[in-house]
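All of the numbers you see were taken from the coordinates with simple rules; none came from a lab. Not measured: the values here are computed from a predicted model. Here Cβ is always computed from backbone atoms with ideal geometry, including for glycine, and neighbour counts include all displayed protein chains.
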């Protein structure tokens, strides 16, 4: 089982990709709670050069609330991570966590149905990117 789904966006800048994925997430009820600039962090902390790579912490508050009510420790899997990375050839790839894969280790049937709903919303995001 793959733990993510992704799409490569040819001809789109890194910043445009972040704008696009953020807009598509919003359409599905997600907001960005956190943004980790891995490139800058690695440069600052260990003085290495790394490609453009950001991790966006996306959250749909309605689903998060339902999940937390169902399983109070599920916060270890929240928020849903979205990776935007620039490849050497200039293409930008967007990858989203598959919530079914990430929550498969939790034995809670309510979470399974929630994960399926969230997965569909995240697939809608990936499918809308061009």
Note to self: Tell me yes or no: at least one residue of region 44-63 is surrounded by 13 or more Cβ atoms within 10 Å (Cβ to Cβ), assigned to a helix (DSSP H, G or I) and without any contact (Cβ under 8 Å) to a residue 24 or more places away in the chain.
What the structure shows: no
Check: Name the residues in region 87-99 that are within 13 Å of the chain's Cα centre (by Cα) and either crowded, with 20+ Cβ neighbours inside 10 Å or without any contact (Cβ under 8 Å) to a residue 24 or more places away in the chain (or both), would you?
Finding: 94, 96, 97, 98, 99
Notebook entry, point to check: Across region 16-46, what is the total count of residues that are over 23 Å from residue 90 (Cα atoms) and out of contact with any helix residue (DSSP H, G or I) (no Cβ under 8 Å at 6 or more places or on another chain)?
Noted result: 6
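For region 66-86, how many residues are in contact (Cβ under 8 Å) with a residue 12 or more places away in the chain, out of contact with any helix residue (DSSP H, G or I) (no Cβ under 8 Å at 6 or more places or on another chain) and either assigned to a loop (DSSP other than H, G, I, E, B) or crowded, with 18+ Cβ neighbours inside 10 Å (or both)? Let's see the steps before the verdict.
Residues of region 66-86 that are in contact (Cβ under 8 Å) with a residue 12 or more places away in the chain, as a first pass: 66-67, 70-71, 74, 77-86.
Filter once more, keeping what is out of contact with any helix residue (DSSP H, G or I) (no Cβ under 8 Å at 6 or more places or on another chain): 81, 83, 85.
If we keep only those that are either assigned to a loop (DSSP other than H, G, I, E, B) or crowded, with 18+ Cβ neighbours inside 10 Å (or both) as well, we get 83, 85.
Residues meeting the conditions: 2.
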